[in-house]
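Coordinate-derived values only; no laboratory data. Predicted, not measured: the structure shown is a model, and the values here were computed from it. Quick reminder, even Gly has a Cβ in these numbers, built from the backbone with ideal geometry, and neighbours come from all protein chains shown.
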Amino acid sequence: VTDQAFVTLATNDAYSQGALVIGKCLRRHGTSRQTVVMVTSHVSQGTRAALAEVFHQVKDVEVLDSSDWAHLNMMGRPELGITLTKLHCWALTEYIKCVFLDADMLVLCNVDELFDREELSAAPDPGWPDCFNSGMFIFRPSLQTHTRLLKWAREHGSFDGGDQGLLNSFFSGWSTEDISKHLPFIYNLSISTVYSYLPAFQQFGPKAKIIHFLGALKPWHCKYDHQKGEVYLGDGSLCHLHLGPFMKQWWVEYCRPAAPSFTQTDIWQDLEAPPQKQTVSVEVTHQEDSSLHTEASPPTAPKEMFQGAHQADRPPGDEGVASEWTHPQDPPPVEEGRALGSGVLGSSQSEELVLELPASIGDLAIHLTPEEEDLEHKRQWEEGHADYLGKDAFDNIKKKLDKFLK
Ligand code: UPG
């Protein structure tokens, strides 16, 4: 399909790392759509070359910045004025319909069904569910809409200083007019949900299709020890309990060799052919936080097994070898190539690695140690999510009070 595309945005080399992961994941999961990354002049030549290996189109756009510090500071994210650059996606009129994805997302399976939806479809924002989260939305490129959006930006600004506030005021009917434009949360699952509503995450998390690293901490701010399979925060501490597996999965995708270039006609056929070596020999210069990347990733291509079925889709009793995020509809893995490592893309070394298969996401969430369970319970209680039919039943609370009052 050449007139429909997935679109993402990177205005610097740091966010470009996220964009690379999006492009690689879309490709690995066999999308039949085009892939476009919009970049601005701050993205270095080396990074552009790396992006061009993964995306069908690397499209230059002008920076658009709200410079609305007052509103942006209310969110504690003064850097997000530049997200207005996203509005240029409406100018991609060589496509009829597109799906926009923020660069800080992790695509877990083929999500081409999103193209069945209409403009403007999106998932609710976890912070204010009557607003949609602008990290992922379906839209129809149109110069008329593009002009109207820019005019709206000039005349009304954005209530949060970024694109999300602006788009929510512009498409203000989203919350009430047409339920088919409300996408399931599993298409834009913010990891903050893991903390704010753990039971729902345990229930629905295994069906997640797109993860969103919403907030200031992005995977590329972390360090990845591929031998231990662990992700560390900038200060050297281990990524906490629930965040770790998501960050790790992002790093696994980042280090995974890109799938061979696919023809638009038949990716399946391409992947059945003998694996093709991808060579990306470009240096990525990290303009912003290069210090955070130095030890982060392996200099070689990890060789991984993808025999797993997504837990939710496995027949009962079939335990299989569950690769945490692999979906059954995914095409077979591509086994050879070069890893896109942090700092340097395409090292010349080669070494065979078999990464441990992580447990299913459901298992990760459920298998807490008793101490972790207690902590989690305390946190839930403090947030007002009492388990009135279980641990927090009246009898149990009374027993605790009696013990305390003795
Ligand atoms: N982006 C850049 N360069 C930057 C900052 C952002 O290219 O310096 C792009 C990139 O694609 C990124 C997106 O803009 O993913 C959004 O920025 P991000 O830092 O990921 O924002 P979030 O933490 O996800 O915060 C929310 C929404 C997001 C919206 C933003 C501002 O999820 O969709 O763009 O708020 O309204």
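Listed values, structure above:
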{"read-out": "Residue match in region 144-154 (condition: within 8 Å of the ligand (Cβ to nearest atom) and either in contact (Cβ under 8 Å) with a residue 40 or more places away in the chain or surrounded by fewer than 24 Cβ atoms within 10 Å (Cβ to Cβ) (or both))", "value": "no"}
{"read-out": "Cβ pairs under 9 Å, 6+ apart, first in region 8-27 and more than 16 Å from Asp112 (Cβ to Cβ) and among the β-branched types (Val, Ile, Thr), second in a helix (DSSP H, G or I) and within 10 Å of the ligand (Cβ to nearest atom)", "value": "Thr11/Ile82; Thr11/Thr83; Thr11/Thr85"}
{"read-out": "Close pairs from region 81-97: first more than 20 Å from Leu114 (Cβ to Cβ), partner more than 15 Å from the ligand (Cβ to nearest atom) and not in a helix (DSSP H, G or I), Cβ under 7 Å, at least 6 apart", "value": "Ala91/Pro141"}
{"read-out": "Scan of region 42-51 for residues that are in a loop (DSSP other than H, G, I, E, B) and away from the ligand (no atom under 12 Å from the Cβ), ordered by number", "value": "Ser44"}
{"read-out": "Residue in region 197-219 that is crowded, with 16+ Cβ neighbours inside 10 Å, farther than 24 Å from Ser121 by Cα, touching a residue at least 60 places away in the same chain (Cβ under 8 Å) and within 16 Å of the ligand (Cβ to nearest atom) present", "value": "yes"}
{"read-out": "Residues (farther than 20 Å from Leu189 by Cβ, within 16 Å of the ligand (Cβ to nearest atom) and surrounded by fewer than 22 Cβ atoms within 10 Å (Cβ to Cβ)) located in region 115-143", "value": "none"}
{"read-out": "Selection from region 155-177 of residues that are away from the ligand (no atom under 12 Å from the Cβ) and touching a residue at least 60 places away in the same chain (Cβ under 8 Å)", "value": "Gly157"}
{"read-out": "Test: Ala14 is part of a helix (DSSP H, G or I), closer than 30 Å to Trp152 by Cβ and not hydroxyl-bearing (Ser, Thr, Tyr)", "value": "yes"}
{"read-out": "Among (1) within 15 Å of the ligand (Cβ to nearest atom); (2) part of a helix (DSSP H, G or I); (3) out of contact with any Leu (no Cβ under 8 Å at 6 or more places or on another chain), the one test that Arg27 misses", "value": "(1)"}
{"read-out": "Positions within region 199-239 being of a type in the set (Asp, Glu) and either closer than 17 Å to Ile22 by Cβ or touching a Leu at 6+ places or on another chain (Cβ under 9 Å) (or both), in sequence order", "value": "Glu230"}
{"read-out": "One residue from Val63, Val39, Val1 being buried (at least 18 other Cβ atoms within 10 Å of the Cβ) and either of a type in the set (Val, Ile, Thr) or within 9 Å of the ligand (Cβ to nearest atom) (or both)", "value": "Val39"}
